[in-house]
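**Q** Dropping a structure here in structure tokens format, bear with me for questions.
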């Protein structure tokens, strides 16, 4: 079963590091209630400033995951194959990862108009990373060691593990046992 394979891989990579999720409020309508519920994890919104309620509901959130907690278990079970977001591993604490990922949320178009970049949507993520050059990959990964994302919709039930090795993008696919 894929969620079990994900758990094993996530905690193996995070053995002496931290595990996080970037969760998309636009894909998970009850996310804010979940984040403010009992036993909620530490989290930070990736959008800046005080948000209007409708914007807060659709915003992306960086969430620290703790193995064996109800939140983490439910996230992996219910959120996978639903485009809820990404899992990632970093040696850095929440505040450092948050600052790094926030720097990628806003990009500028051809006319220098600001646009939100939904890199945390697995459908965007799996096409974005392979399009980057070595410098862009180093910048995007920054303090992140590994990203785990849903694989292409044509290959449902699979996960991709993304990392860098000698500046090159490495994609490994996890299959259900």
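The values are calculated or read from the model by the stated rules, or taken from the named source; none is laboratory data. Given the structure is predicted, the values throughout are model-derived calculations rather than measurements. Here the Cβ positions follow ideal geometry from the backbone for every residue, glycine too, while neighbour counts run over all protein chains shown.
One line per residue, one yes/no per condition, for (1) part of a helix (DSSP H, G or I); (2) in contact with a helix residue (DSSP H, G or I) (Cβ under 8 Å, 6 or more places away or on another chain); (3) surrounded by fewer than 16 Cβ atoms within 10 Å (Cβ to Cβ); (4) in contact (Cβ under 8 Å) with a residue 60 or more places away in the chain:
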| site | (1), (2), (3), (4) |
| --- | --- |
| 89 | no, yes, no, yes |
| 97 | yes, no, no, yes |
| 107 | no, no, yes, no |
| 111 | no, no, yes, no |
| 115 | no, no, yes, no |
| 123 | yes, yes, yes, no |
| 130 | yes, no, yes, no |
| 147 | no, yes, no, yes |
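**Q** Do we have residue 137 as in a helix (DSSP H, G or I), in contact with a helix residue (DSSP H, G or I) (Cβ under 8 Å, 6 or more places away or on another chain), at pLDDT 90 or above and over 28 Å from residue 41 (Cα atoms) here?
**A** So residue 137 fits the description; yes.
**Q** Give just the number: which of (1) under 26 Å from residue 49 (Cβ atoms); (2) at pLDDT 90 or above; (3) touching a strand residue (DSSP E or B) at 6+ places or on another chain (Cβ under 7 Å); (4) surrounded by 14 or more Cβ atoms within 10 Å (Cβ to Cβ) does residue 102 not satisfy?
**A** (3)
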